[in-house]
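What follows is a set of notes on a single structure, which appears directly below.
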């Protein structure tokens, strides 16, 4: 990757080739180059059946930066109340009216 090797002008030129082909505006210095490249990579590979975002984040050791605030921290009580399980679907309740949603999901808006 040109940007990683320090060839910033080359990286910008490559990025603009991709953007131009897609009909998007050219890269400006107002944008973070690394983020712009990652976003274009995601767009290019999105429908190719290749999920690269996770591996890109792992390779660049950016977990804390990219994922901070994206997930809820579970307490011990949340786990005891069933947070590690998926909520029971609406269809299941239609088939078994004596069943109830687990406590965690009921508390978080998945009550029927």
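Here, each number is a calculation from the coordinates, and none is a lab measurement. Given the structure is predicted, the values throughout are model-derived calculations rather than measurements. Positions of Cβ are backbone-derived with ideal geometry, glycine not excepted, and every protein chain shown enters the neighbour counts.
Key figures
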item	result
12 Å reach of a label modelled at residue 52, 7 Å along Cα-to-Cβ, counting backbone N of the range 1-26	1-2
Ordering of 35-41, 21-27, 76-82 by packing [mean C-beta count within 10 Å, highest first]	35-41, 76-82, 21-27
Sequence-separation-based contact order of the chain, relative, with Cα cut under 8 Å and 6+ spacing, percent	13
Crossing angle, helix 8-21 versus the chain [Cα axis fit, 0-90 degrees, rounded to tens]	70
Rounded to 10°, Cα long-axis angle of helix 33-45 versus longest principal axis of the chain	70
Most mobile of 18, 88, 57 in a GNM of the chain (Cα contacts under 10 Å)	88
Expected-Rg normalisation [2.2 N^0.38 Å, Cα atoms] applied to the range 2-67	1.15
Rh by Kirkwood over Cα pairs, then Stokes-Einstein D for the chain at 1.002 mPa s and 20 °C, µm²/s	118
222 nm mean residue ellipticity, helices alone, for the chain (DSSP H n ≥ 4; -39,500 (n - 2.57); rounded to 500)	-13500 deg cm²/dmol
